1. If you scan the stretch 32-56, which residues turn out to be surrounded by fewer than 14 Cβ atoms within 10 Å (Cβ to Cβ) and over 23 Å from residue 71 (Cβ atoms)?
2. Residue 11: outside any helix (DSSP H, G or I), charged (D, E, K, R) and under 13 Å from the mean Cα position of the chain (by Cα), yes or no?
3. If you take the residues in the stretch 1-18 that are touching a residue at least 12 places away in the same chain (Cβ under 8 Å) and out of contact with any strand residue (DSSP E or B) (no Cβ under 7 Å at 6 or more places or on another chain), which one is farthest from residue 97 (Cα to Cα)?
4. Go through the stretch 57-88 and give me each residue that's farther than 23 Å from residue 16 by Cβ and open to solvent by less than 40 Å² (accessible area, probe 1.4 Å).
5. Could you give me the residue pairs with C-beta distances under 8 Å whose first residue belongs to the stretch 26-37 and is free of Cβ contacts under 8 Å to residues at least 12 places away in the same chain, whose second residue is polar (S, T, N, Q) wherever it lies, and which are 6+ apart or on separate chains?
6. Out of (1) under 15 Å from residue 89 (Cα atoms); (2) in a helix (DSSP H, G or I); (3) in contact with a helix residue (DSSP H, G or I) (Cβ under 8 Å, 6 or more places away or on another chain), the odd one out for residue 32 is which?
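The values are calculated or read from the model by the stated rules, or taken from the named source; none is laboratory data. All values derive from a computational prediction rather than experimental measurement. Reconstructed Cβ throughout: ideal geometry from the backbone, glycine too, with neighbour counts over all protein chains shown. For the accessible areas, the whole protein counts, side chains as well, though only heavy atoms, and no ligand, DNA or RNA atoms are used. Shrake-Rupley method; radii C 1.70, N 1.55, O 1.52, S 1.80 Å.
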Amino acid sequence: MAQLQIAYLLRPGTQERWRRLCQELAGSRLDQLEASCRQAEITQVQVRLVQLLHGELMLITLHTQETHQTLQELATSKRPFDRWLREQFQALLGWNLQEVLADPQVDLIFAWSAERSEGEASLPCDISSS
């Protein structure tokens, strides 16, 4: 099982709107959300708000088998609920979710695993010293 994590600094004044959207998803739209998650092969969704010194961070975690396939499904689905949800996100984020989810640019800049020799880490990027 893989995790897809999305982190976003909330725009000022949108926290209450995010909370209302999550309440709507957990209430009157729960059946639609569950159907959408099943279609995208998402098995769990968690949304957290983190209070920072100068703002708020939203952390969304999706548990899925195949993250790339899930992103494609979320970005391109034509189902009415999925289109509605993308519109809600676009209104709150201020940018088009489809443009970002369809082909995200990701750079892994550090990795560590307990399976490595003690004291070893991996820097997959080229870091030049100044």
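1. 51, 52, 53, 54, 55
2. Taking the combined requirement at face value, the residue does not satisfy it.
3. 12
4. In the first step, residues of the stretch 57-88 are kept if they are farther than 23 Å from residue 16 by Cβ; the result is 62-80, 82-83.
Within the stretch 57-88, 62, 63, 64, 70, 71, 75, 77, 82 meet the criteria.
5. Between residues of the stretch 26-37 that are free of Cβ contacts under 8 Å to residues at least 12 places away in the same chain and residues that are polar (S, T, N, Q), the close pairs are 37/43.
6. (1)
Yes or no, residue by residue, for (1) in contact (Cβ under 8 Å) with a residue 40 or more places away in the chain; (2) over 20 Å from residue 25 (Cβ atoms); (3) of a type in the set (Lys, Arg):
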position: 60; (1), (2), (3): yes, no, no
position: 65; (1), (2), (3): yes, yes, no
position: 72; (1), (2), (3): no, yes, no
position: 80; (1), (2), (3): no, no, no
position: 85; (1), (2), (3): yes, no, no
position: 89; (1), (2), (3): no, no, no
